[in-house]
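Presented below is the structure to which this report refers.
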Amino acid sequence: MARVMAELAGLEEPRAREVNEKHGDDHGVNLGKLRAVAKRLKTQQELANELWATGDTAARLLALLICRPKAFAPDELDAMLREVRTPKVHDWLVSYVVKKSPHSEELRTTWLADRDPLVASAGWALTSERVAKQPEGLDLAGLLDVVEAEMKDAPERLQWAMNTCLATIGIWHPDQRSRAVSIGERLAVLKDYPTPPGCTSPFAPTWIAEMVRRQDNT
């Protein structure tokens with residue numbers, strides 16, 4: 001592991017760290033170079049565990065790329081999520097590991113109701129995945145009820161995750177679309193978010209309209 005840590009240290013770039021720190025991520029490794037290291041190492045669960053245990057952000061990102069998602073017990077994934085506070089590690093843990101875990105649904109329901117907004121945001125991210133790909137059994141109207149009542153005043157990362165779920169419901173479920181758009185318009189969450197040219201606004205009504213337009217054109 002010492003060799004891998006030394007390699008990560010050698011990939012540190014001051015400019016990359018400066019940019020990443022503006023987004024709450026305390027590392028300076030270019031993610032393309034990090035992925036190249038992961039591709040060379042391939043899957044190594046023991047090494048992944050050792051890298052995670054260092055607490056170093058770049059090492060943890062690499063760990064998430066070379067681990068076996070199915071190797072983690074639900075309590076391990078829960079503990080990992082609760083100790084993470086940097087956005088990129090949080091996002092990769094949910095997207096690359098928990099979503100591929102056989103325990104994802106169990107964790108989704110547990111996290112969705114958690115009092116910690118960062119933990120709850122992971123529950124909402126997993127819920128958005130189900131809304132789009134496996135909505136059977138979900139109470140979509142009930143999810144919209146929660147979004148309508150809580151999203152406006154939710155902490156930033158939880159608000160983003162709830163907003164994504166709102167948009168996902170509107171995009172993939174025509175029977176709920178008008179209500180999703182109405183909620184988005186009324187709450188106006190992220191309405192004025194600066195969006196680069198060529199990118200879709202995260203404002204839910206705009207996001208929904210653009211994705212539905214693309215679906216209709218395919």
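Would you pick out the residues in the range 1-60 that are in contact with an Asp or Glu (Cβ under 8 Å, 6 or more places away or on another chain) and either open to solvent by 80 Å² or more (accessible area, probe 1.4 Å) or more than 18 Å from Met80 (Cβ to Cβ) (or both)?
Those that are in contact with an Asp or Glu (Cβ under 8 Å, 6 or more places away or on another chain) and either open to solvent by 80 Å² or more (accessible area, probe 1.4 Å) or more than 18 Å from Met80 (Cβ to Cβ) (or both): Met1, Met5, Leu8, Arg17, Asn20, Gly28, Val29, Asn30, Val37.
One residue is enough: does the range 25-33 have a residue meeting the conditions over 16 Å from Leu93 (Cβ atoms), touching a helix residue (DSSP H, G or I) at 6+ places or on another chain (Cβ under 6 Å), assigned to a helix (DSSP H, G or I) and among the aliphatic types (A, V, I, L, M)?
There is no residue in the range 25-33 that is over 16 Å from Leu93 (Cβ atoms), touching a helix residue (DSSP H, G or I) at 6+ places or on another chain (Cβ under 6 Å), assigned to a helix (DSSP H, G or I) and among the aliphatic types (A, V, I, L, M).
Out of the residues in the range 175-218 that are of a type in the set (Ser, Thr, Tyr) and more than 23 Å from the chain's Cα centre (by Cα), state the one that is least open to solvent (accessible area, probe 1.4 Å).
Here is the first cut: in the range 175-218, the residues of a type in the set (Ser, Thr, Tyr) are 178, 182, 193, 195, 200-201, 206, 218.
With more than 23 Å from the chain's Cα centre (by Cα) added as a condition, the list becomes 178, 182, 218.
Numbers: Ser178: 92, Ser182: 48, Thr218: 147 Å².
In this case the residue turns out to be Ser182.
Of the residues that make up the range 162-172, is at least one hydrophobic (A, V, I, L, M, F, W, C), modelled with pLDDT of 95 or more, within 24 Å of Asp116 (Cβ to Cβ) and surrounded by fewer than 19 Cβ atoms within 10 Å (Cβ to Cβ)?
No, the conditions are met nowhere in the range 162-172.
Going by the conditions given, is Glu21 assigned to a helix (DSSP H, G or I) and at pLDDT 95 or above? Let's see the steps before the verdict.
Numbers: assigned to a helix (DSSP H, G or I): yes; at pLDDT 95 or above: no.
The answer is no for Glu21.
Restricting the search to the range 195-218, which residues are assigned to a helix (DSSP H, G or I) and more than 14 Å from Val181 (Cα to Cα)? Walk me through how you get there before you give the answer.
Pass one, the range 195-218, residues assigned to a helix (DSSP H, G or I): 204-216.
The answer is Arg213, Arg214, Gln215, Asp216.
Take the residues in the range 161-194 that are of a type in the set (Ser, Thr, Tyr) and in a helix (DSSP H, G or I); name whichever of them is nearest to Pro135 (Cα to Cα). Steps first, answer last, please.
Step one: list which residues in the range 161-194 are of a type in the set (Ser, Thr, Tyr), which gives 164, 168, 178, 182, 193.
Those left that are additionally in a helix (DSSP H, G or I): 164, 168, 178, 182.
Values: Thr164: 15, Thr168: 11, Ser178: 18, Ser182: 21 Å.
Result: Thr168.
So which of Glu129, Glu148 ends up being at pLDDT 95 or above, open to solvent by 20 Å² or more (accessible area, probe 1.4 Å), in a helix (DSSP H, G or I) and farther than 26 Å from Ala79 by Cα?
On the way: Glu129 fails: farther than 26 Å from Ala79 by Cα.
The match here is Glu148.
Report yes if some residue within the range 63-77 is small (Gly, Ala, Ser), within 15 Å of Ala161 (Cα to Cα), in contact with a Ser or Thr (Cβ under 9 Å, 6 or more places away or on another chain) and buried (at least 18 other Cβ atoms within 10 Å of the Cβ); otherwise report no.
Restricting attention to the range 63-77, the residues satisfying the condition of being small (Gly, Ala, Ser) are 63, 71, 73.
Next cut, within 15 Å of Ala161 (Cα to Cα) only: none.
Within the range 63-77 (the criterion being small (Gly, Ala, Ser), within 15 Å of Ala161 (Cα to Cα), in contact with a Ser or Thr (Cβ under 9 Å, 6 or more places away or on another chain) and buried (at least 18 other Cβ atoms within 10 Å of the Cβ)), the answer is no, since none of the residues qualifies.
Name the residues in the range 136-145 that are of a type outside the set (A, V, I, L, M, F, W, C) and open to solvent by less than 30 Å² (accessible area, probe 1.4 Å), would you?
Gly142
Condition check ((1) in contact with a helix residue (DSSP H, G or I) (Cβ under 9 Å, 6 or more places away or on another chain); (2) of a type outside the set (S, T, N, Q); (3) over 15 Å from Lys88 (Cβ atoms)) across all residues:
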| position | (1), (2), (3) |
| --- | --- |
| Leu8 | yes, yes, no |
| Val19 | no, yes, no |
| Arg40 | no, yes, yes |
| Thr57 | yes, no, no |
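Only one of (1) farther than 25 Å from Trp160 by Cβ; (2) assigned to a helix (DSSP H, G or I) is not met by Ala120, so which one is it?
(1)
The values are calculated or read from the model by the stated rules, or taken from the named source; none is laboratory data. Owing to the predicted nature of the structure, the values given are computational and were not obtained by experimental measurement. Note: ideal-geometry Cβ built from the backbone for every residue, glycine included; neighbour counts use all protein chains shown. All accessible areas refer to the heavy atoms of the entire protein, side chains included, with ligands and DNA or RNA removed. Shrake-Rupley method; radii C 1.70, N 1.55, O 1.52, S 1.80 Å.
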